[in-house]
1. Per residue, how much accessible area does the range 1-153 have with a 1.4 Å probe, in Å²?
2. Run through every distinct alpha carbon pair of the range 92-239 and return the Kirkwood hydrodynamic radius in angstroms, one decimal place.
3. Applying the Karplus parametrisation 6.51 cos²θ - 1.76 cosθ + 1.60 with θ = phi - 60° to the phi angles of the range 165-171, what ³J(HN,Hα) value in whole Hz is obtained for each residue in order, glycine and proline being reported as x?
4. Leaving out ligands, DNA and RNA, what percent of the accessible area of the range 114-257 is carbon and sulfur, probe 1.4 Å?
5. Regarding the range 1-154, what are the three Cα extents along the principal axes, ordered largest first, in Å?
6. Quick check for me: using +1 on Lys/Arg Cβ and -1 on Asp/Glu Cβ, what's the dipole size of the chain about its Cα centre, in debye to the nearest 20?
7. Between Leu152 and Lys90, what is the label-point separation in nm under the 7 Å Cα-to-beta-carbon projection?
8. Among Gly78, Ala217, Phe201, whose Cα lies farthest out toward the positive end of the dipole of the range 3-245, if unit charges sit on the beta carbon of Lys, Arg (+1) and Asp, Glu (-1)?
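The values are calculated or read from the model by the stated rules, or taken from the named source; none is laboratory data. From a predicted model like this one, the values you see are computed outputs, not experimental measurements. Cβ coordinates were reconstructed from backbone atoms using ideal geometry, including for glycine residues, and neighbour counts include every protein chain displayed. Heavy atoms of the whole protein, side chains included, go into the accessibility calculation; ligands, DNA and RNA do not. Shrake-Rupley method; radii C 1.70, N 1.55, O 1.52, S 1.80 Å.
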Amino acid sequence: MTIIAVFNQKGGVGKTTVSANLAAAMARNGVQPLVIDLDPQAHLTSLVGMSPASVDTIFNFYRGTGPLTELITSLPNGVHFIPSHLELGKVDAQITRHRDNVWRLKLGLTAEMLSGGEMPIIIDCTPNLGVLAFSALFAADMVLVPVAAEYLAVNGANLLQRTLAGLEKFGPRIPRRYLINRYVPDQVTSEKIAGQLARTFPGEILRTRIREQEVIAAAAGSGEDIFEFAPESKAATDFAFLLDELLESGLLEMQSD
Ligand SMILES: Nc1ncnc2c1ncn2[C@@H]1O[C@H](COP(=O)(O)OP(=O)(O)OP(=O)(O)O)[C@@H](O)[C@H]1O
Ligand SMILES: [Mg+2]
């Protein structure tokens, strides 16, 4: 099964939104994914109505006090979830003292047979380029990069490309796909950004675009995923297409019941 790191070092581009709704699309298709909130901001943890200061969080795993499997809870929409903790930022701060932490997630997922198992795994990354982001990238089979269709998006994507290239000395190139988010059809800026990205990263831009839609933010505010909150919306269609495209491309494998 596939481990997807949803990553962009640019903040606010839709990493959490995409993690939550792609996972929901999988659950709706009969496959219950595992989502790990690996961001000390713990936005996803709060969105699903959990406390970012609770006891069983991914912080335990990095502190060495709990295996991943013991941290998994089930959300009402069928998604398995490991919450974040506000103190998770300490892991990023300890890069020199605990260098091995960058490999910890990969090793843990393998040792606990979560990678290669039945569950696709989605990691909602922090925009901070530190131990946590690197540990997600080292564990991932593919990187899904949401890019907001706004001014300077291509500069951000180039910066990110350099970051990912820097990781290639530690292992094979991880496949990556850019997902245009906050897309406004026929708007000059949106079309320009989409064209620039297609030229800069040929073959790596997903056909699916997540359109700018208020209902996405409204769903997040309600604590529901887009399929629960507005199943007939264009936003629900966009996320269903995203899942279909990842499956069709062969980058994501999943078997529904
Ligand atoms: N397609 C969209 N249409 C409308 N609002 C959106 C869309 N995508 C994301 N948003 C809103 O934009 C804000 C930022 O999105 P999100 O939190 O997913 O970004 P992020 O990349 O995870 O941010 P961070 O880097 O801080 O973790 C949220 O309020 C979200 O609801
Ligand atoms: Mg986020």
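1. Dividing the accessible area of the range 1-153 by its residue count gives 38 Å².
2. On the way: mean 1/r = 0.0577 Å⁻¹.
Here the Kirkwood hydrodynamic radius works out to 17.3 Å.
3. Using θ = phi - 60°, the values come out as 4, x, 7, 5, 6, 9, x Hz.
4. Working: 3470 of 6760 Å².
With neighbouring chains kept in place, the figure for the range 114-257 is 51 percent.
5. 38, 38, 29
6. 1060
7. 3.4
8. Of the listed residues, the answer is Phe201.
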